[in-house]
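A short write-up of the structure that comes next.
The values are calculated or read from the model by the stated rules, or taken from the named source; none is laboratory data. As the structure is a computational prediction, the values presented were derived from the model and not from experiment. Cβ placement follows ideal geometry from the backbone for every residue including glycine, while neighbour counts extend to all protein chains displayed.
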Amino acid sequence: MGSHIADFENPFSFQPVGEQASSSIWISFGPIWLFAPFLEQLATRYPERLRGLRGLIACSSSSVLTKRFAANRFDRELVNRLIDAEDKLLAISSRLEIGCRILRPTLIYGQAGPYSDRNLSQLLRLMRRLPLLPLPAESGLRQPIHASQLASVALHLVAHLCEFGWDPSIPDRINIGGDVVMSYEMMIRSLQQAQPAADAARCCRLVPIPNRLFFLLAAPLLLRSPKAFEAVLRMGANLSGFTPAHQLLGREAQLFPVLPLA
């Protein structure tokens, strides 16, 4: 197994590792709305580079589901880009007669080498800077997935393909989350308690506020950033119910949070 950096905006520069005719499966964690046209250009202009391709594993996002009724334009456009890219990728795969699985992870967190997430790591930074953090008293459910869990699922699908071929019982689009479903408040508390004793985040006091008052206090944000205001509203929504990573991997569930954290 090898790797090669792909510039999605320059398919001509991409050369697959090894012999072009050798059997290969590609995994992409890059933006799917860039990967889909990249693959389409390869298939149209450089089909010889896909000669040994047997399958694709691509990463999309659960935002396709959680933001499909968003009121702000940014999130609506994101949903459209994701769906269009997914459809295009599946159509190309069908034309090439190769298998394709699209992962739709929810709330990715954790650190992988020099890279960290932009979800829970931002909440950690807030807790390290603020003496207290208000939260809605009745918060919605979450199912965060660690980057390592997502990578393990992708590699598991590859191994399964190599041994058994494409399993028709596994859907083309897989909505996937972590192994633990918890409230937004519990997620923040667990994240806080997972920090070292000297970490400033542990000194931040989490203050539950009645939901009506919490969202009323957040209302001025609507004028400044409708996207940010909707993100605050989603704190009270249930964004869970996805296939747990351990179920796909055939392993025991992992407790939250999985380390390393950003």
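Here's the yes/no breakdown for (1) surrounded by 18 or more Cβ atoms within 10 Å (Cβ to Cβ); (2) closer than 30 Å to D87 by Cα; (3) aromatic (F, W, Y):
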| site | (1), (2), (3) |
| --- | --- |
| S121 | no, no, no |
| M127 | yes, no, no |
| P136 | yes, no, no |
| P144 | yes, yes, no |
| D167 | no, yes, no |
| G177 | yes, yes, no |
| M187 | yes, no, no |
| L191 | yes, no, no |
| A201 | yes, no, no |
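Against the conditions (1) in a loop (DSSP other than H, G, I, E, B); (2) more than 15 Å from the chain's Cα centre (by Cα); (3) surrounded by 12 or more Cβ atoms within 10 Å (Cβ to Cβ); (4) touching a residue at least 12 places away in the same chain (Cβ under 8 Å), where does S61 fall short? Just the number, please.
Unmet for S61, out of (1) in a loop (DSSP other than H, G, I, E, B); (2) more than 15 Å from the chain's Cα centre (by Cα); (3) surrounded by 12 or more Cβ atoms within 10 Å (Cβ to Cβ); (4) touching a residue at least 12 places away in the same chain (Cβ under 8 Å): (2).
Here's the yes/no breakdown for (1) within 17 Å of A201 (Cβ to Cβ); (2) over 24 Å from the mean Cα position of the chain (by Cα):
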| residue | (1), (2) |
| --- | --- |
| G99 | no, no |
| P105 | no, no |
| A112 | no, no |
| S116 | yes, no |
| N119 | yes, no |
| Q122 | yes, no |
| R125 | yes, no |
| L132 | yes, yes |
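What's the total number of residues in segment 82-104 that are within 17 Å of R54 (Cα to Cα), surrounded by 13 or more Cβ atoms within 10 Å (Cβ to Cβ) and in contact (Cβ under 8 Å) with a residue 40 or more places away in the chain?
Adding up the residues that qualify gives 9.
Only residues in segment 65-80 that are under 19 Å from R224 (Cβ atoms) count as the first member; pair them with residues that are assigned to a helix (DSSP H, G or I), Cβ under 6 angstrom, at least 6 apart or cross-chain, and list the lot.
Listed pairs, sorted by first residue: A70/R76; A70/E230; N72/P226; N72/K227; N72/E230; F74/K227.
Return the residue satisfying two criteria in turn: it lies in segment 240-256 and is in a loop (DSSP other than H, G, I, E, B) and under 16 Å from the mean Cα position of the chain (by Cα), and of such residues it is nearest to L191 (Cα to Cα).
S240
If I filter segment 108-118 for residues that are assigned to a loop (DSSP other than H, G, I, E, B), out of contact with any Pro (no Cβ under 7 Å at 6 or more places or on another chain) and closer than 30 Å to S183 by Cβ, do I get at least one hit?
yes
Would you point out the residue of segment 5-16, among those that are part of a loop (DSSP other than H, G, I, E, B) and surrounded by 11 or more Cβ atoms within 10 Å (Cβ to Cβ), that is modelled with the highest pLDDT?
F8
Of everything in segment 86-107, what is assigned to a helix (DSSP H, G or I) and farther than 22 Å from L248 by Cβ? Give them in sequence order.
D87, K88, A91, I92, S94, R95, L96
Residue-by-condition table, conditions (1) buried (at least 16 other Cβ atoms within 10 Å of the Cβ); (2) at positive phi; (3) in contact (Cβ under 8 Å) with a residue 24 or more places away in the chain; (4) of a type in the set (G, A, S):
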| residue | (1), (2), (3), (4) |
| --- | --- |
| P196 | no, no, no, no |
| V207 | no, no, yes, no |
| N211 | no, no, yes, no |
| F215 | yes, no, yes, no |
| L223 | no, no, no, no |
| P226 | yes, no, yes, no |
| E230 | yes, no, yes, no |
| M235 | yes, no, yes, no |
| L239 | yes, no, yes, no |
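Return the pair list, or none, for Cβ contacts closer than 8 Å from residues in segment 158-172 that are over 14 Å from S24 (Cα atoms) and at pLDDT 85 or above to residues that are aliphatic (A, V, I, L, M) and in a helix (DSSP H, G or I), at least 6 apart or on different chains.
If the second residue must be aliphatic (A, V, I, L, M) and in a helix (DSSP H, G or I), the pairs left are I170/L157; D172/L90.
Kindly provide the set of residues from segment 241-254 that are touching a helix residue (DSSP H, G or I) at 6+ places or on another chain (Cβ under 9 Å) and exposed (fewer than 15 other Cβ atoms within 10 Å of the Cβ), ordered by number.
G250, R251, E252, A253
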